[in-house]
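Participant: Pasting in a structure now, in structure tokens, and then I'll have a few things to ask.
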Amino acid sequence: MKSAAIRQAFLNYFEERGHTIVPSASLVPENDPTLLFTNAGMVPFKDVFLGRDPRPYVRATSAQRCVRAGGKHNDLDNVGYTARHHTFFEMMGNFSFGDYFKPDAIRFAWTFITEVLGLPKERLWVTVHHSDEEAATIWVDEIGVDPARVSRLDEDNFWQMGDTGPCGPCSEIFYDHGPEVWGGPPGSPEEDGDRYIEVWNLVFMQFDRDANGELHPLPKPSIDTGMGLERMAAVMQGVHSNYEIDLFQALLAAAAELTGHADTTTPSLRVIADHIRSCAFLIVDGVLPSNEGRGYVLRRIIRRAIRHGHKLGASGTFFHKLVAALDAEMGDAYPELRQAREQIERVLLKEEEQFARTLDHGMGLLEAALASLDGEVLSGETVFKLYDTYGFPYDLTADVCRERGVTLDEAGFERELEAQRQRARAASQFGGDYEAALNLEGSTEFTGYDRLEDHSRVTAIVDA
Ligand code: ATP
Ligand code: MG
Ligand code: MG
Ligand code: MG
């Protein structure tokens with residue numbers, strides 16, 4: 001079953017059950033400065049759950065584009081390392097705004113998976129929050145799931161969009177990809193493996209968490225669910241990795257051609273194929289590469305992709321050329337992508353040209369530093385120099401180091417940043433034109449204060 005068919009089957013199924021189909025919202029959350037990007041299907045409905053945004057329906061369903069590359073849900077570092085994480089993915093969801101609750105939500109999901117998609121029950125496992133006897137009882141007594149396949153977990157089964165906002169206990173459905181893949185069932189010591197993959201999360205929205213961390217009951221208990229389209233496509237297409245599904249084939253082939261590296265299972269190619277999706281859609285939604293906030297996250301993803309291309313031997317600019325393949329793959333489902341195609345290509349090309357000026361030198365410095373390493377830790381000074389002089393985002397250096405089994409002195413890097421901030425402050429107190437000096441000195445795109453102010457946010461993103 002193709003991804004597009006799964007997407008459509010999901011929406012039809014819930015429409016038949018009284019849900020209004022709502023189009024995907026932007027990746028930039030509306031009126032929500034607390035959230036970096038739309039990271040789940042419920043984000044556009046946040047105020048509906050809170051009772052502040054009345055809608056003409058109490059049931060909705062959507063295919064929501066999501067980015068998890070910063071903030072509370074950050075999968076940037078997972079991409080290229082797990083079979084199931086993307087920076088950009090589509091989350092299929094059904095929502096009840098004070099209408100149905102646990103029993104219907106569980107039954108809807110189970111019926112869709114086992115009857116519409118026809119997945120064998122022997123492959124399915126579920127989890128519930130340890131305090132949620134009600135959900136456990138529904139799974140066992142009403143649905144008939146073997147109690148040995150119901151695990152009771154703690155933090156993993158309490159879902160929250162961010163540090164504040166709607167949240168609640170949840171129940172997740174896992175698919176067992178079989179003994180050929182390493183991993184154990186949820187709750188077991190081997191759960192981090194990729195054998196048992198979480199495909200669907202049912203959140204029982206009951207609380208609104210305020211800025212002090214306190215939970216307040218929502219006006220009415222509600223339902224928010226999220227099923228990862230790419231993960232379900234992997235299951236339905238009989239492949240283990242998300243990167244083997246139909247949606248990725250053309251992208252991987254294009255990336256292989258552009259980099260001259262034919263083996264499409266190479267992690268770097270997967271990273272590139274993943275990153276073009278998030279970068280393109282972020283630009284569609286109005287984000288531009290910059291040195292702060294959302295724009296800096298976009299810049300980090302682009303530079304990470306470029307570095308992986310460079311690693312595979314790509315010469316010259318290549319990343320922007322993938323937009324054509326992406327458009328061919330996703331432009332039908334997302335006309336806004338097709339419409340913005342040229343603009344996306346322009347933005348990416350400009351960013352590639354800028355970074356090309358420092359990438360080689362930065363990589364040279366990094367390689368030399370790695371070669372002369374006597375301990376296992378790359379010094380904070382080096383990480384800072386790469387950042388400051390060569391435009392290497394922290395996570396890009398971390399990504400290279402991870403490939404070599406080397407860790408970074410993060411605290412040392414932070415100290416360097418802080419020292420730079422202090423110097424800037426001191427200079428401005430003396431009325432010196434420090435900002436102008438930095439601007440002059442930087443023949444690259446970096447400018448003094450942009451760069452400095454950016455650090456606090458960068459730090460926050462790194463910490464998240
Ligand atoms: P995991 O534990 O595997 O990281 P999660 O618990 O963080 O997943 P949820 O926040 O519950 O995921 O999101 C709902 C669903 O969205 C997941 O069950 C999964 O199918 C899908 N999903 C989550 N993160 C990603 C991702 N980075 N890439 C692709 N699909 C994802
Ligand atoms: Mg996760
Ligand atoms: Mg999980
Ligand atoms: Mg989950």
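Participant: Restricting attention to the stretch 390-407, which residues are in contact with a strand residue (DSSP E or B) (Cβ under 7 Å, 6 or more places away or on another chain) and under 23 Å from Arg294 (Cβ atoms)? Spell out the reasoning first.
Facilitator: Filtering the stretch 390-407 down to residues in contact with a strand residue (DSSP E or B) (Cβ under 7 Å, 6 or more places away or on another chain) leaves 397-398, 401, 406-407.
Answer for the stretch 390-407, where residues must be in contact with a strand residue (DSSP E or B) (Cβ under 7 Å, 6 or more places away or on another chain) and under 23 Å from Arg294 (Cβ atoms): Thr397, Ala398.
Participant: Only one of (1) buried (at least 17 other Cβ atoms within 10 Å of the Cβ); (2) in a loop (DSSP other than H, G, I, E, B); (3) of a type in the set (S, T, N, Q) is not met by Ser131, so which one is it?
Facilitator: Unmet condition: (1).
Participant: Right, something else. For the stretch 80-112, give me the residue count where each residue is away from ligand 1 (no atom under 12 Å from the Cβ) and closer than 20 Å to Gly238 by Cβ.
Facilitator: Final tally of qualifying residues: 1.
Participant: Taking only the stretch 211-226 into account, find how many residues are of a type in the set (S, T, N, Q) and either within 16 Å of ligand 2 (Cβ to nearest atom) or surrounded by 19 or more Cβ atoms within 10 Å (Cβ to Cβ) (or both). Let's see the steps before the verdict.
Facilitator: First, pick out the residues of the stretch 211-226 that are of a type in the set (S, T, N, Q): 212, 222, 225.
Restricting the remaining residues to those that are either within 16 Å of ligand 2 (Cβ to nearest atom) or surrounded by 19 or more Cβ atoms within 10 Å (Cβ to Cβ) (or both) gives 222, 225.
Of the residues in that region, 2 qualify.
Participant: Same structure, new question: Go through the stretch 188-210 and give me each residue that's open to solvent by 30 Å² or more (accessible area, probe 1.4 Å), more than 16 Å from ligand 2 (Cβ to nearest atom) and either at pLDDT 95 or above or not acidic (Asp, Glu) (or both). Explain how you work it out, then say what you get.
Facilitator: Looking only at the stretch 188-210, we keep the residues that are open to solvent by 30 Å² or more (accessible area, probe 1.4 Å), and these are 189-192, 195, 198, 206-210.
Still in the running and more than 16 Å from ligand 2 (Cβ to nearest atom): 189-190, 195, 206-210.
Pro189, Arg195, Gln206, Phe207, Arg209 - these are the residues of the stretch 188-210 that are open to solvent by 30 Å² or more (accessible area, probe 1.4 Å), more than 16 Å from ligand 2 (Cβ to nearest atom) and either at pLDDT 95 or above or not acidic (Asp, Glu) (or both).
Participant: Exactly one of (1) away from ligand 1 (no atom under 13 Å from the Cβ); (2) charged (D, E, K, R); (3) in contact (Cβ under 8 Å) with a residue 24 or more places away in the chain is unmet by Asp194. Its number?
Facilitator: Result: Asp194 passes all but (1).
Participant: List the number of the failed condition for Trp182; all other conditions in (1) open to solvent by 50 Å² or more (accessible area, probe 1.4 Å); (2) aromatic (Phe, Trp, Tyr); (3) in contact with a Cys (Cβ under 6 Å, 6 or more places away or on another chain) hold.
Facilitator: With (1) open to solvent by 50 Å² or more (accessible area, probe 1.4 Å); (2) aromatic (Phe, Trp, Tyr); (3) in contact with a Cys (Cβ under 6 Å, 6 or more places away or on another chain) applied to Trp182, the lone miss is (3).
Participant: With respect to Ala328, determine if the residue is open to solvent by 50 Å² or more (accessible area, probe 1.4 Å), in a helix (DSSP H, G or I) and aliphatic (A, V, I, L, M).
Facilitator: On the way: open to solvent by 50 Å² or more (accessible area, probe 1.4 Å): yes; in a helix (DSSP H, G or I): yes; aliphatic (A, V, I, L, M): yes.
Yes; evaluated as a whole, the condition is true for this residue.
Participant: Further question on the same structure: Out of the residues in the stretch 153-167 that are under 18 Å from Asp32 (Cα atoms) and open to solvent by less than 30 Å² (accessible area, probe 1.4 Å), which is nearest to ligand 1 (Cβ to nearest atom)? Don't jump to the end; show me each part of the working.
Facilitator: The initial filter retains those residues of the stretch 153-167 that are under 18 Å from Asp32 (Cα atoms), namely 160-167.
Among the residues that remain, those that are also open to solvent by less than 30 Å² (accessible area, probe 1.4 Å) are: 161-162, 165-167.
On the way: Met161: 9, Gly162: 12, Gly165: 13, Pro166: 13, Cys167: 11 Å.
Here the residue is Met161.
Participant: Okay, next question. Run down Gly80, Gly41 and say which single residue is farther than 24 Å from Pro169 by Cα and out of contact with any Leu (no Cβ under 6 Å at 6 or more places or on another chain). Show your work before the answer.
Facilitator: Numbers: Gly41 fails: farther than 24 Å from Pro169 by Cα.
The match here is Gly80.
Participant: Check Arg294, Arg277 and return the single one that is in contact with a Phe, Trp or Tyr (Cβ under 6 Å, 6 or more places away or on another chain) and among the charged types (D, E, K, R). So that I can check it myself, show each step before the final result.
Facilitator: Numbers: Arg294 fails: in contact with a Phe, Trp or Tyr (Cβ under 6 Å, 6 or more places away or on another chain).
After ruling out the rest, the residue left standing is Arg277.
Participant: Also: Would you be able to say whether some residue in the stretch 70-93 is open to solvent by 10 Å² or more (accessible area, probe 1.4 Å), farther than 27 Å from Met330 by Cα and either away from ligand 3 (no atom under 16 Å from the Cβ) or at pLDDT 95 or above (or both)?
Facilitator: no
Participant: For the stretch 166-186, give me the residue count where each residue is under 23 Å from the mean Cα position of the chain (by Cα), of a type in the set (Gly, Ala, Ser) and either within 16 Å of Arg84 (Cβ to Cβ) or at pLDDT below 90 (or both).
Facilitator: Total meeting the criteria: 1.
Participant: Among Leu373, Leu366, Leu438, Leu337, which is modelled with pLDDT under 95, under 28 Å from Leu288 (Cβ atoms), surrounded by 13 or more Cβ atoms within 10 Å (Cβ to Cβ) and out of contact with any Pro (no Cβ under 9 Å at 6 or more places or on another chain)? Quick ask: steps written out before the conclusion?
Facilitator: Details: Leu373 fails: under 28 Å from Leu288 (Cβ atoms); Leu366 fails: modelled with pLDDT under 95; Leu337 fails: modelled with pLDDT under 95.
None of the others qualify; the one that does is Leu438.
Participant: Could you identify the single residue in Gly162, Gly183 that is touching a Lys or Arg at 6+ places or on another chain (Cβ under 7 Å), within 23 Å of Pro217 (Cβ to Cβ) and within 16 Å of ligand 2 (Cβ to nearest atom)? Full working, then the answer.
Facilitator: On the way: Gly183 fails: within 23 Å of Pro217 (Cβ to Cβ).
Being touching a Lys or Arg at 6+ places or on another chain (Cβ under 7 Å), within 23 Å of Pro217 (Cβ to Cβ) and within 16 Å of ligand 2 (Cβ to nearest atom) holds for just one of Gly162, Gly183, which is Gly162.
Participant: Sticking with this structure for a sec: Which one of these does Ala60 not meet: (1) open to solvent by 30 Å² or more (accessible area, probe 1.4 Å); (2) farther than 26 Å from Cys279 by Cα?
Facilitator: (1)
Participant: Condition test on Val287, is it in contact (Cβ under 8 Å) with a residue 12 or more places away in the chain, open to solvent by less than 50 Å² (accessible area, probe 1.4 Å) and out of contact with any strand residue (DSSP E or B) (no Cβ under 6 Å at 6 or more places or on another chain)?
Facilitator: Yes, satisfied.
Participant: Could you list all residues from the stretch 37-76 that are among the aromatic types (Phe, Trp, Tyr) and either closer than 16 Å to Met92 by Cβ or part of a loop (DSSP other than H, G, I, E, B) (or both)? Working first, answer last.
Facilitator: In the first step, residues of the stretch 37-76 are kept if they are among the aromatic types (Phe, Trp, Tyr); the result is 37, 45, 49, 57.
Once the filter is applied, which keeps residues that are among the aromatic types (Phe, Trp, Tyr) and either closer than 16 Å to Met92 by Cβ or part of a loop (DSSP other than H, G, I, E, B) (or both), the stretch 37-76 yields Phe37, Phe45, Tyr57.
The values are calculated or read from the model by the stated rules, or taken from the named source; none is laboratory data. Predicted model, so just to flag it, every value in this text is computed and none were measured. Counting neighbours? That spans all protein chains shown, and the Cβs are built from the backbone with ideal geometry, glycine included. For the accessible areas, the whole protein counts, side chains as well, though only heavy atoms, and no ligand, DNA or RNA atoms are used. Shrake-Rupley method; radii C 1.70, N 1.55, O 1.52, S 1.80 Å.
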